[in-house]
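In what follows, a structure is listed as structure tokens, so that the remarks can point back to it.
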Number of protein chains: 2
Amino acid sequence: MAIARKIVDFMERSSWIRKMFEEGAALKAQYGADQVCDFTLGNPDVPTPPEVEEELIRIIKEPIPMKYGYMPNAGIPAARQTIADYLKDEQQTEVSADGVIMTCGAGGALNVIFKAILNPGDEIIAPSPYFVEYNFYADNHGGVLKSVAPGPDFSLNLDGIAAAINEKTTAVIINSPNNPSGVIFPAAEIAALGRLLEEKSKEIGRVIYLISDEPYRKLVYDGVAVPPIFPVYRNSIVANSYSKELSLAGERIGYLALHPEADDFRQLVDGFIFANRVLGFVNAPGLMQRLVARCHGTTVDVSTYQRKRDRLYAGLVAAGFEVKKPQGAFYFFPKSPLPDDVEFVRELQKFKVLAVPGSGFAGPGYFRLAYCVDDATIERSLPIFKEVGEKFCRG
Amino acid sequence: MAIARKIVDFMERSSWIRKMFEEGAALKAQYGADQVCDFTLGNPDVPTPPEVEEELIRIIKEPIPMKYGYMPNAGIPAARQTIADYLKDEQQTEVSADGVIMTCGAGGALNVIFKAILNPGDEIIAPSPYFVEYNFYADNHGGVLKSVAPGPDFSLNLDGIAAAINEKTTAVIINSPNNPSGVIFPAAEIAALGRLLEEKSKEIGRVIYLISDEPYRKLVYDGVAVPPIFPVYRNSIVANSYSKELSLAGERIGYLALHPEADDFRQLVDGFIFANRVLGFVNAPGLMQRLVARCHGTTVDVSTYQRKRDRLYAGLVAAGFEVKKPQGAFYFFPKSPLPDDVEFVRELQKFKVLAVPGSGFAGPGYFRLAYCVDDATIERSLPIFKEVGEKFCRG
């Protein structure tokens, strides 16, 4: 065996996802990509704002010494300061630039955080449904992810979280707006979670961190805002990226921010910087750091996503699907009309519609549709969903 | 304790390096940065070629759909193909684009490789002196780095490597041109290493990979070339980056390439792609991938480094230092005139010269000078080295 046993095991266990991708690719090859409605990929399709591209060109033309050279592992001071300033409003807390570390997207941020806080066998609690990569991120650093089923309408299940906490619990990770459910956890739920973690930390005699993975924070609709976590809990960490708010997913630029009053602030920050360095990130991509130092606060045209959401939501509801209207992100997470969501997604393939089973997000019984697709795909899908609904949802 | 025990331990053990950095920073603050000769940082200072920056601007202006979006975790096909084509000459082997994976620099590549091949407790052998981050990279993924002392003049010590191999050995990692010694391992040494690994793999009944970390491949002088590893050993992997050859160190762009005839080629490639994904890299920065797809083969002006090397080498030799003339990279690794290299580097600080002790590279008894600095620093250092030499090297 030339490859690590665990990797083989992981690849085998996730092979059904790969298989579905391959089936989707085969469908596209057979019928033509434009004949297949592909709702599987959360790849932001609203363009990066032109003023951001113009700024990028300006930076390249500026005579900055060692422009593309190494920099402090924590990032360019200007980027860290810009974000700290911005977080004062967003997190309603006086944030220190020392606590902001530039990372290779939110995926990089989460790996850095997990590496810095996990001892072997430590547990991280994730309310489901959640981004399934969290499992691998925890495992990378010797930890274990523990899933907690959600409350009604994908709300935070505080009793479930309380019951899952034990002396090995290191952190609770939330994702709001949520991938895949589109739910934003309201302020009252977040505040109650903060109180719970405060109590439980005392009870078990160790800090339980609250990690808030927020890459969809700016993709919100109907005037709803994502409540901040810093005011409700001191030992909290934000992970964020510009993947969605500036459609820069492939450029791998994001950050983490530690609450300024977190326990052992300095040591933890040093741990994050060390982890960022030795995991091979070294530093977040430099040119993109310079860019976000100037463009933080700019956001893609969110109304485009809202329009697509509204159009597809109306179609799904009319077709008889049971689906919560998402307040943020760009996913629907409808209930599967068949008990087995993998089976239903296979049925959808027969209609040339590609979706991801909820099982891929620790949310069996549902399926995910990413609506960051072109309007033509949505329009083409509407009569198909109607037909599918007639077959599976009316009964 | 809010932070993982291992991280605390690592940070404490490497605290002397930090302490030296802090002492250096204090010196600069006290005397002014331009009064201190700082030879500690391997940060390429020869500018990125202007045609590369122009190409970057052209790419930004092109109407490429989803230009900054997610892409396959292995990278943009055009970049992988360009590099594969190029490697045909460089590695004198027909390389498949399937075996090329774009990474977040060579540091990212090495973490991806280690993650994919290491089972808990597996060992990686590194001939010293070596880039000390290898220790952390191996540990990140449950492995252990084993150092093997070099032969004369920092040559490969094949007997030492042979003696270090056991049933836990997963790979041997070499770095040529070497950081810190500047040595290029000659073709005969590489060929002998290939034969040794062939034999030993059979003997222990598992594949021992040869990993060649080659970020300095293009920074070579006096017409010397770096011999390829693919022709001498089938189970070999190249890790490389554009940090030095295009002075893009902060942009985190590099790649790994697997020998097309490696055992279990497909499974290993899938393992690399999986590791690239779940470690949080997701993909190498996209814009830089597009750039190297077009600019691979372009190199910074290496004659600048050669000029600096020649000037400083003459000065060091005249001052009485025992130092091998480096054939590549941008470092000198002179013998420390005091038995304790850390003590000698502290002495150098008194002369306002900053260097790194060889102990930081598993090469005690030596010290490293990075000569990727401006000419003024080199000129200012020459009389100082003369004075230091008179005090420590004569007599």
(message) Suppose every Lys and Arg Cβ carries +1 and every Asp and Glu Cβ carries -1, with no other charges. What dipole size does the stretch B:128-259 come out with about its Cα centre, to the nearest 20 debye?
(response) 280
(request) First check a/c for the stretch B:233-307, with a ≥ b ≥ c the square roots of the eigenvalues of its C-alpha gyration tensor; if it is under 1.5, answer rounded, and if not, answer prolate when a/b is larger than b/c or oblate otherwise. (result) oblate
(message) I want to make sure I understand the PRE zone here: with the label point 7 angstrom from the Cα of A:Met11 toward its beta carbon, which residues in the stretch B:279-307 have backbone N atoms less than 15 Å away?
(response) B:279
(message) Can you compute the helix-only [θ] at 222 nm over chain B? Use -39500 (n - 2.57) per DSSP H run of at least 4 residues, normalise by all residues, nearest 500 deg cm²/dmol.
(response) -13500 deg cm²/dmol
(request) Report, largest value first, the span of the C-alpha coordinates of chain B along each principal axis, in whole Å. (result) 60, 56, 53
(message) Nearest 5 percent is fine: what portion of the DSSP beta bridges confined to chain A is antiparallel?
(response) 45
(message) Closest beta-carbon to the A-to-B rotation axis: which chain A residue owns it, and what is the separation in whole Å?
(response) A:Pro285, 2
(request) Using only the alpha carbons of the stretch B:180-335, determine the length spanned along each of the three principal axes and report them from longest to shortest in whole angstroms. (result) 54, 44, 25
(request) With a Förster radius of 30 Å, plug the Cβ-Cβ distance of A:Lys19 and A:Leu338 into 1/(1 + (r/R0)^6) and report the FRET value to the nearest 0.05. (result) 0.95
(request) Quote to one decimal, in nm, the extra length available between B:Arg394 and B:Ala225 on full extension: 0.36 nm per residue of separation minus the C-alpha distance between them. (result) 57.3 nm
(request) Tell me the GluC sites (Glu not before Pro) within the stretch A:160-240 that lie in a loop according to DSSP and have at most 12 other beta-carbon atoms within 10 Å. (result) A:Glu167
(request) Sketch the reach of a paramagnetic label on A:Asp34 as a point 7 Å from Cα along Cα-to-Cβ, and name the residues of the stretch A:352-382 whose backbone nitrogen lies under 15 Å away. (result) A:374-381
(request) Could you state the angle between the C-alpha long axis of helix A:105-117 and the longest principal axis of the C-alpha atoms of chain A, as a value from 0 to 90 degrees rounded to the nearest 10? (result) 60
(request) Could you check the simple spin-label distance between A:Ala26 and A:Lys324, using points 7 Å along Cα→Cβ, in nm with one decimal? (result) 3.5
(message) Suppose R0 equals 41 Å. What FRET efficiency, 1/(1 + (r/R0)^6) with r the Cβ-Cβ distance, do B:Met66 and A:Asn119 give to the nearest 0.05?
(response) 0.55
(request) Indicate the gyration tensor shape class of the stretch B:129-203 (rounded, prolate or oblate), computed on the Cα atoms with a ≥ b ≥ c the square roots of the eigenvalues: a/c under 1.5 is rounded; otherwise a/b larger than b/c is prolate and the rest oblate. (result) oblate
(request) Give me the percent of Cα-Cα pairs in the stretch B:39-126 that sit more than 21 Å apart, rounded to a whole number. (result) 57
(message) For a 22 Å ceiling on Cα separation, which of these pairs sit above it: A:Lys88/B:Lys67; B:Lys352/B:Lys391; A:Lys6/B:Lys168; A:Lys146/A:Lys218; A:Lys19/B:Lys88?
(response) A:Lys88/B:Lys67; A:Lys146/A:Lys218; A:Lys19/B:Lys88
(request) Pull out a ≥ b ≥ c, the square roots of the eigenvalues of the alpha-carbon gyration tensor of the stretch A:217-271, then state rounded if a/c is under 1.5, prolate if not and a/b is larger than b/c, and oblate in the remaining case. (result) oblate
(message) If you filter the stretch B:42-99 for GluC sites (Glu not before Pro), then keep DSSP loop positions with at most 11 other Cβ within 10 Å, what is left?
(response) B:Glu94
(message) For a Förster distance of 22 Å, can you work out the FRET efficiency between the beta-carbons of A:Ile57 and B:Ala78, rounded to the nearest 0.05?
(response) 0.50
(request) Please work out the Cα center distance from the stretch B:359-395 to the stretch B:192-226, rounded to the nearest Å. (result) 31
(request) Sort out for me the Cα centre separation of the stretch B:52-76 from the stretch A:65-118, rounded to whole Å. (result) 25
(request) Could you give the size of the charge dipole of the stretch A:277-395 about its Cα centre, using +1 on the Cβ of each K and R and -1 on the Cβ of each D and E, expressed in debye and rounded to the nearest 20? (result) 340
(message) I need the Kirkwood Rh of the stretch B:310-351: take the reciprocal of the average 1/r across all distinct C-alpha pairs and report it in angstrom.
(response) 11.3
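Rule-based calculations on the coordinates, nothing more; no lab input. On a predicted model such as this, the values are computed, not experimentally measured, just so you know. In this analysis, Cβ positions are derived from the backbone assuming ideal geometry, glycine residues included, and neighbour counts consider all displayed protein chains.
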